[in-house]
Amino acid sequence: MRWGSAEIESRKARSAWVLAPILGLMAALMGTSALAQRLGPPVLFDQLPDRPDVAPVDGKGEFLLEADEVIYDRDNDIVTARGSVEISQGDRVVKADVLSYNRKRKLVTASGNVVLLEATGDTFFSDYLQISDDLSNAIMENFKALLIDNSRLVAKGVERLSGNRKVMTRAVFSPCNLCKDDPSKPPLWQLKGKQVVHDEVKKDIHYKDATLEIGGVPVFYAPYFSHPDPTVRNRSGFMVPTLGYSQTLGAIVGTPYYGIINDSSDITVEPRLYSKEAIMGAAEYRRRFEHGRIRVAGSMLNDAVFENKPAVPGLDWRGNFASEGRFDLDQNWRGGWDVARATDRTYIRRYKVGADFTGKGRYQVSNALTSAAYAEGFYGRSYFGVNAYSFQTLRAEDVRDSIARIHPAAVASLVSDADGLGGRWKMEADVLSLSRRLGTDSTRLSTVSGYHLPMITDSGHVFSISGTVQADAYSINNLPQPGGRSFSGETTRLHPQLAATWAYPLVNRMKDASLIIEPKAGVVIGPTGGNKRLIPNEDSKVVELDEVNLFLPRRFSGRDRIDSGSRVDYALRAQYRGDSGASASAIIGQSYRLSEGTNPYPVGSGLNERQSDIVGGVKVSPGSWIDFNYRFRLDKNDGTPQREELGVSLYRGRNSLSLAYVNYDRRFQDIGVDSPKQAVIASELKVSEFVRAYGVASYDLKTDKLSSAGVGLLYEDECFAVLGSYTRDKLSDREVRPDQTVFLRIAFKYLGEFGK
């Protein structure tokens with residue numbers, strides 16, 4: 001028998017009261033399915049499906065009832081549906097063998113294969129259900145749930161009390177899949193409770209006599225256990241602990257606690273034990289605003305707790321501090337800050353502060369900690385920014401008092417609309433002011449303004465023409481000069497420059513590919529000189545010729561040094577692109593100075609003679625599984641490599657192997673910077689369906705020694721993850737010695753997962 005929305009209105013209205021309580025109860029019981037909520041942003045198990053919003057049950061809305069027969073007992077005022085009963089409203093469906101509603105007792109019962117199919121994808125089962133029509137009290141027997149992520153919940157009985165609590169007896173939960181060969185085997189892990197209570201008001205789930213079983217073997221027992229229900233996005237509680245061992249630090253144990261302050265802010269506190277050294281306290285505070293966010297973090301320890309003397313003489317208390325803020329000031333402007341400081345230069349590396357031990361063996365510490373405050377504005381193509389910087393060096397060879405503080409570094413970039421020829425007027429202005437406790441102080445106002453015109457002729461020739469003028473004004477204090485003297489005062493500089501480039505791309509269409517050959521040449525014309533001794537060099541210390549800056553009119557990264565004189569640049573580029581996706585490209589070029597006299601470029605840059613070194617690069621991608629990249633700078637006389645960068649990447653699905661090789665054969669003599677010579681290899685391998693392995697190693701070719709190495713192994717299935725990592729660091733610096741470290745982390749899905 002099938003009823004539609006218009007047939008027998010009185011029966012339809014009464015039957016709707018049968019639909020609403022059952023669907024409402026079953027939907028409410030869905031909240032007991034997941035036994036915990038992720039604490040903080042997860043790293044593992046991030047593949048959980050999103051649950052869509054589901055419309056509430058409408059007790060007076062339209063529904064569809066299908067049954068073999070429907071009986072209305074007028075004497076007892078009972079509506080009964082029998083035989084393949086199915087009630088649907090929207091995306092929610094209830095099935096049962098028998099369903100009845102006693103209007104006098106205001107009681108609904110369903111029996112025999114009771115099933116609820118939720119719009120979320122969850123499915124619920126029961127042998128028998130009894131519920132009051134106001135949802136205040138209900139009883140279910142042999143309750144089972146199969147959730148959208150294949151998690152399972154089973155309870156001998158479920159009782160709803162006072163409309164805000166559900167009590168389950170002999171409940172078992174597990175997100176693990178059952179064994180395909182023998183479904184009767186216990187899952188990898190499951191959580192049992194003799195009594196489980198869901199408090200719908202406080203949104204908590206409480207256990208009595210909770211037992212965690214792994215492979216059917218009890219491994220953990222607690223007389224009382226509690227966690228938030230799945231409707232809670234975040235909840236205060238302990239996160240997955242970190243366990244490790246270091247040769248120099250001993251056993252490492254950290255247990256983070258995540259605490260929610262309110263809807264927009266939280267805090268994470270972690271005590272971390274180093275058994276051979278000290279106990280560290282670390283904390284992180286985060287808060288979001290309507291138009292921004294802030295973060296404050298830090299750590300501290302007493303280095304002499306376990307021993308009478310600290311590792312660094314005279315420095316008992318050691319720590320670090322970090323903060324960042326980002327705010328949208330209006331529709332055009334934003335601002336913020338970044339702060340990073342440590343009590344000493346080896347603290348962060350020694351105690352591995354901030355390390356994210358993901359198992360990939362990667363942990364790097366920069367050579368300096370940078371603090372900055374900034375504001376920037378965007379107006380079409382134009383940009384405005386102001387920054388202030390402070391640096392804390394972590395290198396032993398640096399003199400701390402000689403490190404500059406920048407206050408401020410401001411820049412304005414203005415770009416006009418295109419004129420009738422397609423050209424644009426551009427102007428960049430910047431202010432740089434810096435000071436030191438020991439050394440030179442300076443303030444600079446600099447502008448670069450000019451006209452830029454791109455052109456493409458009908459025959460395919462590509463031109464770019466520009467004329468610019470750089471104007472600089474300096475106020476300087478204590479700039480060293482030859483003979484032991486110093487200069488303090490003001491100086492100015494004016495440097496005009498004309499530049500033009502030409503390219504002629506030639507395209508040949510073959511059967512299954514396209515080939516492009518492009519010769520390119522450029523000329524830069526300007527006066528010689530301009531880099532006088534009365535101008536300090538703060539932002540242009542390192543410059544090196546490569547295929548990227550070969551045709552740039554101004555190759556220095558900053559304004560303090562100018563590319564004076566005239567020169568000619570030339571290169572040849574070739575590109576192959578197959579229809580199947582394979583591609584290859586290559587470029588080779590050189591530069592020649594037309595001007596005689598003072599050369600502005602330092603030794604080791606490849607530009608310090610009239611004829612430059614030869615630069616170029618090759619990129620090859622024969623298929624979707626391999627990339628090859630080689631960049632070089634060759635001596636102009638004998639072709640000896642002065643710089644080589646080689647990168648090879650192989651990948652297939654989640655398997656990858658990459659090799660990077662860097663060889664800088666020369667020193668920038670003007671500033672005494674040594675160039676690196678090292679090789680780095682990294683890999684990721686899918687060992688099996690659930691196991692992934694990682695590895696990374698860095699080798700110093702100058703010393704012929706291994707710099708660092710790390711390996712990691714991750715087992716992750718649908719419900720359980722184990723992450724182990726091993727790192728080896730050969731660095732020695734003050735009290736920091738070569739070290740080997742092992743870390744282990746274990747995560748149970750829904751019971752506190754890895755957080756960043």
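Bear in mind these aren't lab numbers, they're just calculated from the coordinates by the rules spelled out. Small disclaimer: the values here were computed from a predicted structure and weren't measured. Quick reminder, even Gly has a Cβ in these numbers, built from the backbone with ideal geometry, and neighbours come from all protein chains shown.
Below are the figures for this structure:
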read-out	value
Pair W425, D512: separation of 7 Å Cα→Cβ label points (nm)	5.5 nm
Dimensionless Rg over Rh [the chain; C-alpha; Kirkwood]	1.08
Computed FRET value (nearest 0.05) for F487 with V618, which takes r as the C-beta separation and R₀ as 51 Å	0.60
5 angstrom amide H check on D546, placed H, neighbours 5+ away	none
Amide H contacts of D303 (H built 1.01 Å from N, under 5 Å, at least 5 apart or other chain)	W317, R318
Contour excess over end-to-end distance, with Cα ends at A574 and E689 and 0.36 nm allotted per residue	37.2 nm
Neighbour-limited loop hits for trypsin sites (Lys or Arg not before Pro), the stretch 374-433 (at most 11 other Cβ within 10 Å; DSSP other than H, G, I, E, B)	R395
Aspartates and glutamates whose Cα lies under 13 Å from that of K202, excluding same-chain neighbours fewer than 8 positions away	D229
Set of aspartates and glutamates with alpha-carbon distance to K511 below 17 Å, sequence-local pairs under 8 removed	D579
Nearest-ten-degree value, helix 9-29 long axis tilted from longest Cα axis of the chain	60 degrees
Per-residue ³J(HN,Hα) for the stretch 573-581, Karplus 6.51 cos²θ - 1.76 cosθ + 1.60, θ = phi - 60°, Hz, x for Gly and Pro	10, 9, 9, 10, 9, x, 5, 7, x
Cβ-based charge dipole, the chain, positive-most Cα from I87, V548, S459	V548
Cysteines in the chain that, by Cβ-Cβ distance, have no pairing candidate under 4.7 Å	C179
Cα-only radius of gyration and Dmax that characterise the stretch 425-484, units Å	19.3, 61
